[in-house]
Amino acid sequence: MSTTIKDTQKMIAEVLDAYPEKTKKERARHLTANDPTGQCGSCKVKANTKSRPGVMTVRGCAYAGAKGVVWGPVKDQITISHGPVGCGQYSWWSRRNYYNGQTGVDTFGTMHITTDFQERDIVYGGDKGLDAALHELKELFPLAKGIGILSECPVGLIGDDIEAVSKRVAKEFGIPIVPVRCEGFRGVSQSLGHHIANDTIRDYVLGKGKLEKTTPYDVALIGDYNIGGDAWASRKILEEMGLRVIAQWTGDASVNELGIATKAKLNLIHCYRSMNYICRHMEEEYGIPWDEFNFFGPTKIYASIRKIASHFDDRIRENAEKVIEKYKPVMDAVVERFRPRLEGKKVMLYVGGLRPRHTIGAYEDLGMEVIASGYEFGHNDDYHRTYPVMKEGAVIMDDATLYELEEFTRRMKPDMVGSGIKEKYSYHKMGVPFRQMHSWDYSGPYHGFDGFPVFARDMDMTVNNPAWNLIRRKK
Amino acid sequence: MKTIRIKDHNELFQEQAYLEQFENKRAFEAPWPKEKVREIAEWTKTAEYQEKNFARKNIKINPAKACQPLGAIFCSSGFDGTMPFVQGAQGCVAYFRSHLNRHFKEPLAAISTSMTEDAAVFGGLNNMLEGLENAYTLYHPKMLAVCTTCMAEVIGDDLHAYIRTAKEKELIPRDLPVPFAHTPSFVGSYVNGYDNMMKGILSAITTGRKGEPNGKINIIMGFDTYTGDYHEIKRLLRMWGVDFTLLSDASAIFDSPNTGQYKLYPGGTPLEDAMDSINASSTIALQQYSTLKTMDYIRKEWSQKALVLPPIGVKNTDFFFEQLSKLTGKPIPQEIEDERGRAVDAMVDSHPYVHGKRFALVGDPDLLLGLVSLLMEMGGIPVHIVCTMGDKKFEDEMQGLLAESPFGSEAKVYAGKDMWHLRSLMFTDPVDILIGNSYAKFLWRDTGTPLIRMGFPLFDRHHLHRYPVIGYQGVLNLVTMIVNSVLDEMDRKTIDTMSFDVIR
């Protein structure tokens, strides 16, 4: 074992000392020093297990994964937050899944629609009210292409049969009505919500869309939620390569696109964590191959373009080189401008989905080093994809707590931290430059050739803003 | 070096390449014909649509409402060294924290017991025990204030027994205050959650503390998300020389100075003071609907004089100071009289731009009552008043207020209705100005009615919550916001005409 690994492990042990014995033992399994070679047997974290009560996990719930991430962005269906009023309120248009359409008429993305459970619903059940709610919505929004019923905790606890209601009303309306059993107490994090949402796409809409003709170049763009327009920036590259993107999941997605992805020749998945399930299903059932790619930062974009092109004929492969040639001068100019301002800066990441590993290359393009990274709701396969791209001795964290993040920051002194809204302002108080790496801090896009300049600009403005120097730090 | 103009989403997606992409993408969307969309869009603006919209009883669309535990957490975080502790599923706490972070642009620590399927079957005792032990050991609170999510409420967790067990097992010290409140999300809203938690905390920590009167006045702000109000009330009372205890001082945690250090507990009501609140001469609440049970408790159990005196608007503020003067026996100081004079002077100066203007309002019950009162004081005409969290009591009280002024005669009060109802109203009976939280911006977009951002949450404008809305200073701030919003809109509308005046 190398000394860098040993040093990091020692630091982790010190941080863990504050925990009560049982929790310390448990948390120790989720924190490690990275070994990119995979030789160090103890350098693996345990993932996707229950958070300990009372430690202040950052994690959310299955509803957040199913409503907030996967189903919420589907623009022309109505998404009902079924249960008490809070869940839908707190997740109301907070993920910025951009879409085109006229809200409240043919699209519904920025609306908060809830059955607002009252005590009588808990006592007598909510099915009758749900049935009536579906009818009221159909009256007010005749252009809705579907309705999703996203269950909140009480629905599962009181034994409502939302599947029966859905089935009956779907038949009456002639549009898909999708019961999603994503009660917040299910599973250990958002992750199960993604899986449940994938399963309901499979069961209720997949294969049921209309597509006039197909071409050999048809692909589906999967696992891009169009945060700040990410998916559009990615789509632009694929289209310039000569591919035809027949479905975009689920950022700016229509119900029809969820239905026609089965006609793609290749599924391209960006956020592996949240949508690998449906890709595997389409591979097994429809024989559609899938491939992962990474559109953060020029190095990874070039490699991904070539990897994607390798699935197709010479025409696409030639186009791929032309696209790279076209954008390389712009990317070089971005690096030339920002790299001198960011070279050598250390970054700590604690995010979700694909970001803890996918953004590393973009930081490296700017000369920055990611010294710690972690997932809120990763699984083992996420970590196996992460170890090789992190430096030896970097900290790997799974389901980190507020206490741990603060301690690692104090000890490792990163020049900037990328995490979420709950972490943001404690870092501002510490005087540590911080970017929200879930929502791009209301900026974006960060994907693709159009996204990287925005990413570089944002990291620079945050790391080098003069206001940080005004903080009178107490010694 | 090649200079590059960096375009983010604000400009990028207006570029031709993207506009073409969007148009081409429609081939896969099976969209409705554009003509059909236009037709339905127009239909949603009609009286016929409004009738259907108001006929719905089983679904809320864009409600201005959130659930109880949010209010409970807000309340407990205003006490020094106190960690809000939520028995239930963890996603809820992630949401409460995010929601408050986004409004205040401040950190907030809060604990969840991360209940999952097994807790649904066996109850949440083990989660509570381990949660209390971990939270205490790791975060060293002086008090853990427990509330619940709907999960814990549906399965019927016995908080009292669980906390007792934790103390018996010595997982937390026996003398650690651990007040609790049941805060089911399917009853009431955060207004009630604040009330329940306040009552829970006060009843727990004052037990056995009845002693010598301390001569102080307790102040309870209610679910007031203007940190400026907390600073303002402290400034006024100190200036006046009134000895007081501010019960739950949210400004400490939601408006803490940047010192280069993150403090988990940056201050708040000292627990010693809170424990002694039972010995105060009286308690004043600045909101009514978020303090109903608490004030009732104080009256009955502490036998204190408990007055509800919401000081938003001139008349309300006058009444507040008159009552306070009576309570303390001290005359109202000249400084406060001067502040009143300045506020009224501002109203007189600005009245031509507010008089006769028609307003739609959506928000929390107490804020709405204050704002409507203020608007009518300077000739504004409230027209649509929507309060999703309002009940019959609120409706009656608002009707009473409206009846006091000729400017109130046009108004209709919509308790329990939401912003989609308001959208219909604003199409069929348009107004000049809309007042509401950040989510009301969708109404601005749809109806073209200018929005003045007031209330909670305010996500898309910075620092508004730092400016007080209570007292005469609050009047001045509100009048400034209202009149300048009217003038901004006037400029927008007259930009290409001769009426684009430079002096107004």
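Numerical summary
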item	result
Alpha-carbon centroid distance for the pair region B:150-189 / region A:89-162, whole angstrom	31
Region B:107-246 - Rg and Dmax from Cα coordinates, angstrom	17.6, 56
Efficiency of FRET from Cβ geometry, residue B:43 and residue B:500, R₀ 25 Å, rounded to 0.05	0.10
DSSP beta bridge pairing in the protein assembly as shown, given as percent antiparallel to the nearest 5	10
Potential lengthening between residue A:21 and residue A:469 on full extension [0.36 nm per residue; Cα-Cα distance subtracted]	157.3 nm
Average beta-carbon neighbours from other chains, 10 Å sphere, peptide B:110-120	6
Subset of B:326/B:393; B:105/B:263; A:236/B:441; A:10/A:413; A:345/A:391 violating a 19 Å alpha-carbon distance limit	B:326/B:393; A:236/B:441
Unit charges on C-beta of K, R, D, E only; dipole of region B:171-222, Debye	100
Region B:266-376, relative contact order in percent, only Cα pairs under 8 angstrom and at least six apart counted	25
Phi-based couplings in Hz for region B:336-344 (Karplus 6.51, -1.76, 1.60; Gly and Pro marked x)	6, 4, 5, 4, 4, x, 5, 4, 5
Diffusion coefficient, µm² s⁻¹, Stokes-Einstein with Kirkwood Rh over alpha-carbon pairs of region A:16-58 at 37 °C and 0.692 mPa s	282
Net charge contributed by nearby residues that have their C-beta within less than 14 Å of residue A:380 (K/R +1, D/E -1)	+2
Cβ-based net charge around residue B:174, under 9 Å, with every Lys or Arg adding one and every Asp or Glu removing one	-2
10 Å binning of all Cα-Cα separations within region B:223-267, expressed as whole percents from 0 upward	25, 47, 25, 3
Inter-part distance where region A:200-266 and region B:207-274 are each reduced to a Cα centre, Å	55
Peptide A:148-156 - average C-beta neighbours from other chains (10 Å radius)	4
Global geometry of region A:383-475, whether rounded, prolate or oblate, following the gyration tensor of its Cα atoms and the 1.5 cut on a/c	oblate
Chain A: C-alpha gyration tensor shape, a/c 1.5 cut-off, then a/b vs b/c	oblate
Taking N as its residue count, the alpha carbon Rg of region B:187-280 over 2.2 N^0.38 Å	1.16
Estimated distance in nm for a label pair at residue A:175 and residue B:348, the labels positioned 7 Å out from Cα along Cα-to-Cβ	5.8
Charge context of residue B:298, other residues only, Cβ under 11 angstrom, K/R +1, D/E -1	+3
Within region A:78-201: Cβ-based charge dipole about Cα centre, in debye rounded to nearest 20 (Lys, Arg +1; Asp, Glu -1)	360
Averaged over A:381-393, number of beta-carbon atoms from partner chains that fall within 10 Å	0
Student exercise, region B:56-113 dipole from Lys, Arg, Asp, Glu Cβ charges, in Debye to nearest 20	500
Within the protein assembly as shown, helix-based [θ] at 222 nm, where runs of 4 or more DSSP H residues each add -39,500 (n - 2.57), nearest 500	-14000 deg cm²/dmol
Cα gyration tensor category, rounded, prolate or oblate, for chain B with a/c compared to 1.5	oblate
Relative contact order of chain A, pairs being alpha-carbon contacts under 8 Å that are 6 or more residues apart, as %	18
Percentage relative contact order, chain B, counting C-alpha pairs under 8 Å, at least six apart	16
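FYI, it's all coordinate maths here, none of it is from the lab. What you are looking at is a predicted structure, and each value in this text was computed from that prediction instead of being measured. Neighbour counts are summed over all protein chains in view; Cβ atoms, including those assigned to glycine, are modelled from backbone coordinates with ideal geometry.
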